[in-house]
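Colleague: Have a look at the structure that comes next, please.
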Amino acid sequence: MTEDTVTRAELTEAVYQEVGLSRNESSDLVESVLSEISDALMRDEMVKISSFGSFFVRQKGQRVGRNPKTGEEVPILPRRVLVFRPSHVLKKVIDDGYQNRLQRGSETAPYTTYPPSFGDQGSGGSNV
């Protein structure tokens, strides 16, 4: 995976490399997972992925904002927003990776591998 953004194509390639499915099957799997997550969120269901985190939709009420250029008050309409809350396991993986990079003196190097036990630790709740 390259750059600072992971794309669907890169996720598909990772599934292809790790699981051994064909590229078409890997693509179908990635699309199926993303579609299931999207559908659940549209139904206002929380999506919990063990050792990763939770996605949910939150309703934000109407409020008054300000135009930064003019200072004029502007109404901001109510809307639904997507929220992601990382699990404690994911937070630890990210922090440990950052601490390791600091110790090596390369805080800009991406941390792209999970420890072997990463997927073995549960966070409770329903999982996708």
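The values are calculated or read from the model by the stated rules, or taken from the named source; none is laboratory data. Just so it is clear, the model here is predicted, and its values are computed rather than measured. For neighbour counting, all protein chains shown are included, and Cβ atoms are generated from backbone atoms with ideal geometry for every residue, glycine included.
Colleague: Report yes if D39 is surrounded by 10 or more Cβ atoms within 10 Å (Cβ to Cβ) and within 22 Å of R8 (Cβ to Cβ), otherwise no. Spell out the reasoning first.
Modeller: Details: surrounded by 10 or more Cβ atoms within 10 Å (Cβ to Cβ): yes; within 22 Å of R8 (Cβ to Cβ): yes.
The answer is yes for D39.
Colleague: In the list S50, S26, which residue meets the criterion of being at pLDDT 95 or above and touching a helix residue (DSSP H, G or I) at 6+ places or on another chain (Cβ under 7 Å)?
Modeller: On the way: S50 fails: touching a helix residue (DSSP H, G or I) at 6+ places or on another chain (Cβ under 7 Å).
After ruling out the rest, the residue left standing is S26.
Colleague: Applying the selection to the range 9-36, what residues are assigned to a loop (DSSP other than H, G, I, E, B) and over 21 Å from I49 (Cβ atoms)? Give the steps one after another, and end with the answer.
Modeller: Within the range 9-36, the subset assigned to a loop (DSSP other than H, G, I, E, B) is 20-22.
The answer is G20, S22.
Colleague: Filtering the range 2-36 down to residues that are surrounded by 13 or more Cβ atoms within 10 Å (Cβ to Cβ) and among the hydrophobic types (A, V, I, L, M, F, W, C), which residue is farthest from the chain's Cα centre (by Cα)? Break it down into steps so the answer makes sense when it comes.
Modeller: Taking the range 2-36 first, the residues surrounded by 13 or more Cβ atoms within 10 Å (Cβ to Cβ) are 10-16, 21, 25-31, 33.
Next, from what is left, pick out any that are among the hydrophobic types (A, V, I, L, M, F, W, C): 11, 14-15, 21, 29-30, 33.
On the way: L11: 12, A14: 16, V15: 17, L21: 23, L29: 17, V30: 14, V33: 13 Å.
Here the answer is L21.
Colleague: Further, regarding this structure: Of the numbered conditions (1) in contact with a His (Cβ under 8 Å, 6 or more places away or on another chain); (2) at pLDDT 50 or above; (3) small (G, A, S), S87 satisfies every one except a single condition; which is it?
Modeller: (1)
Colleague: Still on this structure, I have one more. Can you tell me which residue within the range 53-73, out of those that are surrounded by fewer than 10 Cβ atoms within 10 Å (Cβ to Cβ) and among the β-branched types (V, I, T), is nearest to K92 (Cα to Cα)?
Modeller: V64
Colleague: Give K60, K69 a once-over and let me know the one that is closer than 16 Å to V83 by Cα and not small (G, A, S). Steps first, please.
Modeller: Working: K69 fails: closer than 16 Å to V83 by Cα.
Answer to the selection: K60.
Colleague: Still on this model: Residue check: is S50 touching a strand residue (DSSP E or B) at 6+ places or on another chain (Cβ under 6 Å) and surrounded by 15 or more Cβ atoms within 10 Å (Cβ to Cβ)? Working first, answer last.
Modeller: On the way: touching a strand residue (DSSP E or B) at 6+ places or on another chain (Cβ under 6 Å): no; surrounded by 15 or more Cβ atoms within 10 Å (Cβ to Cβ): yes.
Judged against the criteria, S50 is not a match.
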